[in-house]
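See structure below.
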Amino acid sequence: MNDILSDIANIIRRYEIGEFISKDKLIDATRKLSCNIFYLTEHNITAFREYNTIKYNENTSVSKAEIKAHEEVPELRMTRKILEAARGVSIAMNNELSIMKRD
């Protein structure tokens, strides 16, 4: 997962500084970012399953079980937040590609 997160951060940094000026470079970066979003989603699903297993195997109140699950599976929130942000950048990149195609 660390490789995926590093790759996502690298693509976003390079996009931010304007490295993908050509259409071909932007298409390549968009493809890589989209694939990494997919792979990170797989980790998010795994974390969600772990979270649910902990939550539903607890014999305490629902709120205590949720607190324990959040503590034991911090990847769930982290991956969810990164996925939201990465999707936003992906949308921006696709919008820029659309503008390039019109020009």
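The values are calculated or read from the model by the stated rules, or taken from the named source; none is laboratory data. This one's a predicted model, so the numbers in the text were calculated from it and none came from an experiment. Cβ atoms come from the backbone with ideal geometry, glycine included; neighbour counts cover every protein chain shown.
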Pairs where the first residue, in the stretch 14-41, is over 22 Å from residue 102 (Cβ atoms) and the second is of a type in the set (Ser, Thr, Tyr) and modelled with pLDDT of 95 or more, C-beta under 6 Å, 6+ apart: 40/79
Return the residues of the stretch 1-40 that are surrounded by 13 or more Cβ atoms within 10 Å (Cβ to Cβ) and over 23 Å from residue 81 (Cβ atoms); say none if nothing qualifies. 19, 20, 23, 25, 26, 27, 28
Please specify each residue of the stretch 70-80 satisfying the condition of being within 16 Å of residue 39 (Cβ to Cβ) and free of Cβ contacts under 8 Å to residues at least 24 places away in the same chain. 78
Condition met for residue 96 (at pLDDT below 95 and either of a type in the set (Asp, Glu) or out of contact with any helix residue (DSSP H, G or I) (no Cβ under 6 Å at 6 or more places or on another chain) (or both)): yes
Answer yes if at least one residue in the stretch 17-36 is closer than 14 Å to residue 79 by Cβ and either out of contact with any helix residue (DSSP H, G or I) (no Cβ under 8 Å at 6 or more places or on another chain) or of a type in the set (D, E, K, R) (or both), and no otherwise. no
